[in-house]
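Encoded as structure tokens, the structure appears first; notes follow it.
Each value in this text was obtained by applying a stated rule to the coordinates, not by laboratory testing. Predicted model, so just to flag it, every value in this text is computed and none were measured. Here Cβ is always computed from backbone atoms with ideal geometry, including for glycine, and neighbour counts include all displayed protein chains.
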Amino acid sequence: MANHKSALKRIRSNNTKRLRNKLQHKSTRNAIRDLRAETDKKAAQKRLPSVLSMIDKLAKNNIIHQNKAGNLKSKLTKLVATA
């Protein structure tokens with residue numbers, strides 16, 4: 001166990017950040033799942049910008065890699081365009 005005040009604070013802040021990152025990542029995965037399951041093209045086109053924004057935020061905060069974000073955005077855009 002840590003002995004210094006700063007190390008104890010770092011443990012607390014890391015746990016807080018981990019939980020926040022986990023929530024954002026899970027929310028985005030659920031939004032992607034819902035977008036893929038969408039059958040109506042109009043509704044999918046309306047939902048796409050918010051999902052792409054969520055993916056961009058994850059990449060900006062290093063929760064997911066930039067290349068993974070690009071791949072996800074490309075595949076989702078292609079899916080909505082052909083649906």
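Packing, as the average of other Cβ atoms within 10 Å across residues, places the peptides 11-23, 70-82 in the order 70-82, 11-23, highest first.
Values of log10 I(q)/I(0) for the chain across q = 0.19, 0.20, 0.26 Å⁻¹ run -0.81, -0.86, -1.20, by the Debye formula with one identical scatterer at each alpha carbon and no solvent. For LYS78, list the lysines whose Cα falls under 25 Å from its own Cα; do not include residues on the same chain fewer than 8 positions away. Result set, ordered by chain and number: LYS26, LYS41, LYS42, LYS46, LYS57, LYS60, LYS68.
Can you give me the C-alpha center-to-center distance between region 32-61 and region 1-31, rounded to a whole angstrom? One Cα centre to the other: 26 Å. In a reduced charge model with +1 at each Lys and Arg Cβ and -1 at each Asp and Glu Cβ, the chain shows a dipole moment near 380 debye about its Cα centre. The relative contact order of the chain comes to 28 percent, based on Cα pairs under 8 Å that sit 6 or more residues apart. The ARG33 and LYS9 beta-carbon pair, evaluated with R₀ = 35 Å, returns a calculated FRET efficiency of approximately 0.45.
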